[in-house]
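Take a look at the structure below.
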Amino acid sequence: MNQINLDLSHMRRLLLGFLCLALGSITELSAQPWGGQGGGGNRAQMKVGRFYGKIVDETGKGVSYASVQLIKMSFDTTTRSRKPQLIAGQITADNGDFSLEKLPVFGNFTLKVSVLGYADFEKEVTFGLNRGGQEGGRPSGGGAPSWSGGGGRSSWGGGMAAMAGKFDKDLGNIALTTEVMALDDVVIEGEGSTVTLALDKKVFRVDKNSVSVGGTAEDALANVPSLSIDIDGNLTLRNAAPQLFIDGRPTTLTLDQIAADEIESVEVITNPSAKYDASGGQAGIVNIVLKKERKIGYNGSIRGGLDTRSGYNAGGNINIREGKVNVFLSASLNSRASTGEGETFRQNLLGSPRTNILQANENQFVGQFISLRGGMDWFIDNRNTITFSGNLTQGKFTPYDQISIHTDSLFASGITASDALRISDSRRQFQNLGGSVLFKHLFPKEGREWTADISYNAVTSDGDGTFETDYASFMTRERQESSGGSQYVTLQTDFVEPVNKNITLEWGARGAIRNYTNSNASYYYQDADWKRAVNFADEYDFTDAVYAAYGNLKHQFPKWGYMAGLRVESSQYTGELPESGDVFENDYPFSLFPSVFVTRKLDQQDNLQFSYSRRVNRPSFFRLMPFTDFSDSLNLKRGNPNLLPEFTNSFEATYQNILTKGHDILVSAYFKQATDLITTFQTTELIGGKEVLMTSYANSNNSIAYGAEFTMRNTFSKNIELTSNVNLYNSRVDASNVQDGLVNEQFTWFVKENLVIKLPAQFRLQINGQYQSKAAFTPSSGGGRFHGWRGITNTAQGYTLPYWFVDVAVRKDLFKRKASLTVSMRDVFASRRTGTYTESTFFIQDSWRIRNPQVVSVNFSYRFGKPDTSIFKRKNNNINMQGNDVMGG
């Protein structure tokens, strides 16, 4: 049966070849020219050709994710000149294979190959089929075309066999060489490397990170240089809260709602240009790039894992591309159970008698979420593409805390002690539904393009919690119920116009509207009944709208270049308390955000860049919501609806040196100055006739932060890669407008190491470690667990405590690297204790917490696919046609 299939395929090729001959003869008899204005010669072209081969590195190993393009010069009717035209393109498979199909069989082509970390490759290729020895013109001698492949006229049967054999051409192994330097975007990457260093951003391949396998984005980003994740999932970049993007757009998802196995890479942009959203304050942008393939054929993976805290995860993804349609779909299920403990010691400086309170807590946390993501790319033609995508994430979290409270009352006659037990039992569930449409148009002019997109996200959540405190002689009980939701709509358009080869203009516009609704009810138990605490603002609505336009000018010279841009944003915030009718507004009708970048190529190994940008950090929903959180009686929290945005001027100088092959260093010095910095602040107030301490938020006068960051990548003997990140900075917060003389200054440093060792027998060892000293302010991104309340923010009344941790993982590749088994342990030495020291006129407090140390995870993944859709065509046509050679005898 297989032989019959081969013969049928062979006969089809003979018929196609005969048709080509017939068309050529008819054209000649009709005295019509082969060529012609407007590419009329293409009428004789039969798109039955195929080039295939394999992209390899200097050692002969296949290079995945390489871009392979086939270019042909053709006449462009728009510009009335000959222009390069993209005939076909593809991304190589995991083993480096590629296959370009349905190609015209006549003419000369240019094969271009490019991939990060390697020098671009170009090669002239042809099927070797000439029209009578004169490509693109009238056949010589007035006869029919010669199908001899450039070697003269052959016999009828032999020519047909040779012609059919040339329709499939194996280009063999194409070896790439490691790239040394490129001016605009200096890239340092070798095979298997996890880091790409550039002057304007750093890119980290999270899909190669063994430690985070089976976890969430919290685990993945915790191991990325320059970034820090506290135990509540709050993200910081250089000790400031960055803007979180997914696939280049702001997101409503939090880090604990994103599976680590769905992430391909993380881009860290410390000082974004005017092209980007101005939000992000003193930090920049962290862009999470999710996995999505565009390989011809189908490919995907499945995965699953367990850990020693009874957590589990499962998921998979698949991508199918055929012709002009590319479809992708992925799903993830994560369940995590964690335990933790902590202590808080407080010396109250107010009240009579004075009291010292020691609070020890044990907590448990169980959370599950399921995520579905899918979409479709429609390649309308070579110049127009539409992408549809959507996502659905649902989850439920149930934190449980047991707090033992020991109180010493300091009477003049002596100390009286009392004990209490507080139980906090909460539940929260949420749903995030989103979708987007992206359109991209390429113009005939090289580099000129227009993109437009619209996205929509809707989030709903509800939860409740009970808080019982058992004293020796009585018990107090509180209850909270909450529900809410948000709608987030963004529209954006961008245009790129190359003026010439050295000057490029960019401009665009963006609109973003967020609507939040939140309803909270607080109750206390009295006289055998639940009574609502009506003195709190239980309902809260707000609308936040930002409209922006930007323009950038890029100018490149032989040794240096610059980019200057200006972004204009109009923002308006309106909040309302429906029960009281109170309205809060912040209106900034016209804000300017300039940016300047200057890049200098010092020599072949050294590059220097200076940048400046102005940015804004708008207060998050949980910082604005005037709702009291009672989950911790010693740490009551409430938002401030009167908060203003903080504005930051950021300066940065970056130096990059390519020392030798495999050894690179990136050094950045930065200075940031902020006005109206959002900080935490403690005050006292009466609740239920009792004076309590309340933590809220206020705008301080200003703050400055300056420091230096060093990122180094060192590769030793091709088997050991060490990425080091060191950050040294000094910060000063002036909150004298909140309290006279309140100024806090602190020097802070942290170091992060990522060691990868390739062992024999396809084993891979990865060790990650981090140390951070005490910090004056480590802001919360508002993206952590527990409604965003926990976590630390900028403070002028204390500092965070030092901490360190080490994660380790071992990975074994199986089945010719189609599968892998990973065993990992997080916080190996149970040393990741985070805490704070706070000192005010009301109290002095020390606190620390630790969560989920020494968790062991085991994860398995399997990759599948068939990227070569013409696999059944791959055979030796000359051998299969040997029986027909008698035709030429």
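Scanning the range 42-59 for residues that are touching a Ser or Thr at 6+ places or on another chain (Cβ under 7 Å) and at pLDDT 85 or above, we see that the one that is farthest from residue 718 (Cα to Cα) is 50.
Screening residue 679 on (1) of a type in the set (Ser, Thr, Tyr); (2) over 24 Å from residue 770 (Cα atoms); (3) modelled with pLDDT of 90 or more shows it passes everything except condition (3).
Screening the range 644-708 for strands (runs of 3 or more DSSP E) wholly inside it with 2 or more residues that are in contact with a strand residue (DSSP E or B) (Cβ under 6 Å, 6 or more places away or on another chain) and among the aromatic types (Phe, Trp, Tyr) returns the ranges 646-660, 663-675. Residues that are aliphatic (A, V, I, L, M) and open to solvent by 40 Å² or more (accessible area, probe 1.4 Å) number at least 3 in the following strands (runs of 3 or more DSSP E) confined to the range 292-400: 312-322, 325-348, 354-381. If the condition is being in a strand (DSSP E or B), open to solvent by 60 Å² or more (accessible area, probe 1.4 Å) and of a type in the set (Phe, Trp, Tyr), then the range 446-481 contributes 450, 456.
Can you tell me which residue is modelled with the highest pLDDT among those in the range 843-856 that are surrounded by 19 or more Cβ atoms within 10 Å (Cβ to Cβ) and more than 18 Å from residue 340 (Cα to Cα)? Step by step, filter the range 843-856, then rank; the result is 845.
If the condition is being within 25 Å of residue 570 (Cβ to Cβ) and aromatic (Phe, Trp, Tyr), then the range 460-512 contributes 488, 495, 507. May I ask you to list the residues in the range 240-269 that are assigned to a loop (DSSP other than H, G, I, E, B) and surrounded by fewer than 24 Cβ atoms within 10 Å (Cβ to Cβ)? The answer is 247, 248, 251, 252, 253. Applying a threshold of 7 Å to beta carbon distances and a minimum spacing of six or more residues, or different chains, the list of pairs starting in the range 754-772 at a residue that is on the phi > 0 side of the Ramachandran plot and ending at one that is part of a strand (DSSP E or B) reads 762/812; 762/813.
Scanning the range 699-758 for residues that are open to solvent by 50 Å² or more (accessible area, probe 1.4 Å) and among the charged types (D, E, K, R) yields 718, 732, 740, 745, 753, 758. Against the test of being at pLDDT 90 or above and of a type in the set (S, T, N, Q), the options 271, 313, 299 yield a single qualifying residue, 313. Scanning the range 553-586 for residues that are farther than 26 Å from residue 494 by Cα and either charged (D, E, K, R) or open to solvent by less than 40 Å² (accessible area, probe 1.4 Å) (or both) gives 559, 575, 576, 577, 579, 582, 584, 585, 586. Quick one: is residue 522 over 26 Å from the mean Cα position of the chain (by Cα) and open to solvent by 20 Å² or more (accessible area, probe 1.4 Å)? Spelling it out, it is not the case that residue 522 is over 26 Å from the mean Cα position of the chain (by Cα) and open to solvent by 20 Å² or more (accessible area, probe 1.4 Å). Residue 182 passes every criterion in (1) modelled with pLDDT under 75; (2) within 28 Å of residue 333 (Cα to Cα) apart from (2). Selection over the range 427-445 of residues that are open to solvent by 30 Å² or more (accessible area, probe 1.4 Å) and touching a residue at least 60 places away in the same chain (Cβ under 8 Å) gives a count of 6. Checking each residue in the range 220-230 for being surrounded by fewer than 24 Cβ atoms within 10 Å (Cβ to Cβ) and under 14 Å from the mean Cα position of the chain (by Cα) picks out only 227. One residue stands out in the range 810-839 among those that are over 26 Å from the mean Cα position of the chain (by Cα) and assigned to a loop (DSSP other than H, G, I, E, B): the one that is surrounded by the most Cβ atoms within 10 Å (Cβ to Cβ), namely 833. Being among the hydroxyl-bearing types (Ser, Thr, Tyr), modelled with pLDDT of 85 or more and either crowded, with 20+ Cβ neighbours inside 10 Å or farther than 17 Å from residue 702 by Cβ (or both) is the requirement here; does residue 684 meet it? No, not satisfied.
The values are calculated or read from the model by the stated rules, or taken from the named source; none is laboratory data. What you see is a predicted model, and the numbers here were worked out from it, not measured in a lab. Cβ coordinates were reconstructed from backbone atoms using ideal geometry, including for glycine residues, and neighbour counts include every protein chain displayed. Note: accessible area is taken over every heavy atom of the protein model, side chains too, but ligands, DNA and RNA are not part of it. Shrake-Rupley method; radii C 1.70, N 1.55, O 1.52, S 1.80 Å.
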